[in-house]
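Everything below concerns the one structure shown next.
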Amino acid sequence: MKEPLSMIKYFPELELVKDEALRQKVDEIWNDLWQESAFQRLEDLPVIPGMDYPHVRHNRSVLHHVMAAADNLEEFHGVKLDRDILICSVLLQDASKLVEFEPAPGGVHMSEKGRQFQHGFFGAAAAMKAGMPMEIVRNIITHTIDNPVYPPTVYSKIIFYADQIDMAGLKADTWQKKGVIFRDSPYE
């Protein structure tokens, strides 16, 4: 058995979650997937295979994008969102990478589980098993373009777009529009 992860060390934003039970479940879900993971150090988990960029930094950045969007929606439109739902959803959206990826000679590749199921499946299943609210489970499974269902709520839409914005910032976004002419960006 591996040493459990200190979630506050990696994700200090978890302390912003007011509901102690939700906070504990996030910790449990990450640690359950961690025990199943082939990684020995969380620092070795990349955003995606073939990209030497730490997952934790990406996940925290997505959370900050999401919180900024929630602040803007509240300030400009009076839309109040449950921050506990947002924070827990974002912290769990990519937890399944622990079992979707595995160390391999020369880097990291998709694991057998990662090849069999869409991204986010294992995190959503773990969240459901842990008794997380269905809103969080839905946000985890719909945060990815791998899911055939378009994110149906404002929560899931914010997370979906924030994740893709962050990946675009890393020059690793996977969005494609069909029938669109791509031109060189004047901003790069």
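Brief remarks on what is shown
- Residues (free of Cβ contacts under 8 Å to residues at least 60 places away in the same chain, basic (Lys, Arg) and within 24 Å of residue 61 (Cβ to Cβ)) located in the stretch 1-22: 9
- In summary, residue 47 fulfils each of the numbered conditions (1) under 25 Å from residue 106 (Cα atoms); (2) surrounded by fewer than 16 Cβ atoms within 10 Å (Cβ to Cβ) with the single exception of condition (2).
- Among the residues making up the stretch 158-173, a single one is farther than 13 Å from residue 147 by Cβ, without any contact (Cβ under 8 Å) to a residue 60 or more places away in the chain and in contact with a helix residue (DSSP H, G or I) (Cβ under 7 Å, 6 or more places away or on another chain): 173.
- Test result for residue 135, closer than 26 Å to residue 39 by Cα and of a type in the set (D, E, K, R): no
- Residue 42 being over 25 Å from residue 82 (Cβ atoms) and either surrounded by 13 or more Cβ atoms within 10 Å (Cβ to Cβ) or of a type in the set (Ser, Thr, Tyr) (or both): yes
- You will find that of 59, 139, the residue that is over 20 Å from residue 149 (Cα atoms), buried (at least 23 other Cβ atoms within 10 Å of the Cβ), of a type outside the set (A, V, I, L, M) and touching a residue at least 40 places away in the same chain (Cβ under 8 Å) is 59 and no other.
- For residue 12, the conditions (1) more than 16 Å from the chain's Cα centre (by Cα); (2) surrounded by fewer than 18 Cβ atoms within 10 Å (Cβ to Cβ) are fulfilled apart from (1).
- Boolean, residue 36 is within 24 Å of residue 141 (Cβ to Cβ) and under 16 Å from the mean Cα position of the chain (by Cα): no
- Check on residue 68, buried (at least 17 other Cβ atoms within 10 Å of the Cβ), assigned to a helix (DSSP H, G or I) and out of contact with any Leu (no Cβ under 6 Å at 6 or more places or on another chain): no
- Residue count, the stretch 103-133 (criterion: in contact with a helix residue (DSSP H, G or I) (Cβ under 8 Å, 6 or more places away or on another chain), not small (Gly, Ala, Ser) and not in a loop (DSSP other than H, G, I, E, B)): 7
Values quoted throughout were computed directly from the atomic coordinates according to the rules given, and no laboratory measurement underlies them. All figures in this text were calculated on a predicted structure; none of them were measured in a lab. Here the Cβ is made from the backbone with ideal geometry for all residues, glycine too, and neighbour counts use every protein chain on show.
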